[in-house]
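The values are calculated or read from the model by the stated rules, or taken from the named source; none is laboratory data. These figures come from a predicted structure and were not determined experimentally. Note that we place each Cβ from the backbone using ideal geometry, even for glycine, and neighbour counts take in every protein chain shown. Note: accessible area is taken over every heavy atom of the protein model, side chains too, but ligands, DNA and RNA are not part of it. Shrake-Rupley method; radii C 1.70, N 1.55, O 1.52, S 1.80 Å.
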Amino acid sequence: PQWFEKPKEKEYDKYLQTIRYTDYFLEQLCAALHANGLDENTLLCIMGDHGTSFSTERAKGRWAPREEVIRVPWVMHWPGHFDPGKVVEWPCSQLDVTPTILNLIGFDIGSAGFDGRDALAEPNSQRRVYFSSLVPGSPAGFVENGRKVVFWPYINKAFEYDLTTDPQENDPRTIPADQIEQIREQINRWESESQIAVDAKKHAKRFLYSHWQTYSAGRLAWAYYVP
């Protein structure tokens, strides 16, 4: 907003400015919760879309699956329920959001059958977290124990990174051709098992829980609270 700061000119400066504004907005939100006596009984979760990369051409920055692109910011605020400033370093997935929140508010999720897990509990070191794009033919892959594999379908090649020693992903290793088919099968299996078919006509508009007007058409969805 103009009242916050004069908009920057360069793309990276705009990015930093947006971060500053988001920090300011969240500061005001947390202060309002506290002023109204709501913060101790409110679990505030802030999530963002995937990032972009300033290490590649701007037009391609969203599609090359570098770490800054596939990582999603997830911040939680709940005074008195977990240590402030705690940073989770191990790999997490968006599939972890629901089980983490349910576990925090006291539900037993042990037998729920979630594909995700509680993100606040350290996982097995061999946990594999997959990533892909909504665009067919885009690169996909997985991260496992500091090892990152990226498969590029249209050139039928796969590359491996050691994120422990090469966090900037400057030194890819080309995976031999005889191992690519297995990697492709693993990624395809994960993608097919993760897809959920939505009948847009059946779920187009519905009124739920007395106060929620909802709309769904596949990727496009919204919900409005009606007092």
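What FRET efficiency do you get for PHE159 and GLU11 if R0 is 25 Å and r is their Cβ-Cβ distance, rounded to the nearest 0.05? Intermediate values should be presented prior to the final figure.
Working: r = 26 Å, r/R0 = 1.05.
After rounding to 0.05, the efficiency reads 0.40.
In whole angstrom, note down how far apart the Cα centers of the stretch 104-124 and the stretch 159-227 are. Measuring centre to centre over Cα atoms gives 20 Å. Taking a ≥ b ≥ c as the square roots of the eigenvalues of the Cα gyration tensor of the stretch 4-74, is the shape rounded (a/c under 1.5), prolate (a/b larger than b/c) or oblate? Verdict is oblate for the stretch 4-74.
What whole-number value in Å² describes the accessible area per residue of the stretch 143-227 for a 1.4 Å probe? Ligands and nucleic acids excluded, the result is 75 Å² per residue. For the chain, the relative contact order comes to 8 percent (Cα pairs under 8 Å, sequence separation of at least 6).
Our estimate of slack between ARG20 and HIS211, defined as 0.36 nm per intervening residue step minus the Cα-Cα distance, is 65.3 nm.
Each helix, a run of at least 4 DSSP H residues, gives -39500 (n - 2.57); summed and divided by the residues of the chain, these come to -8000 deg cm²/dmol at 222 nm.
Counting charges near ASN156 (Lys, Arg +1; Asp, Glu -1) among other residues having Cβ under 15 Å from its Cβ returns a value of -1.
Taking 0.36 nm per residue of sequence separation and subtracting the Cα-Cα distance, how much length would be gained by fully extending the chain between HIS81 and SER133, in nm to one decimal? Please list the in-between numbers first.
Working: separation 52, 0.36 × 52 = 18.72 nm, distance 3.48 nm.
Computed gain between HIS81 and SER133 is 15.2 nm.
Within the assembled protein chains, the solvent-accessible surface assigned to LEU95 is about 100 Å², based on a 1.4 Å probe. Does the stretch 118-204 come out rounded, prolate or oblate, given a ≥ b ≥ c as the square roots of the eigenvalues of its C-alpha gyration tensor, rounded meaning a/c under 1.5 and, failing that, prolate meaning a/b above b/c? The shape class here is oblate.
List residues of the stretch 119-139, by number, whose backbone nitrogen lies under 14 Å from a label position 7 Å along Cα→C-beta of TRP190. Hits in the stretch 119-139 for TRP190 at 14 Å: 126-134, 139. Determine the shape class of the stretch 1-134: with a ≥ b ≥ c the square roots of the Cα gyration tensor eigenvalues, call it rounded for a/c under 1.5, and otherwise prolate if a/b is greater than b/c, oblate otherwise. In terms of gyration-tensor shape, oblate. Given their separation in residues at 0.36 nm each and the Cα-Cα distance between them, ALA197 and ALA121 gain 24.3 nm when the chain is fully extended. With the convex hull of the Cα atoms taken as the outline of the chain, the averaged projected area works out to 16.9 nm².
Please work out the FRET efficiency for the pair ILE46 and ALA177, using the Cβ-Cβ distance as r and a Förster radius of 41 Å; give the result to the nearest 0.05. Kindly include the intermediate steps, with their values, before the conclusion.
Details: r = 43 Å, r/R0 = 1.05.
Calculated transfer efficiency: 0.40.
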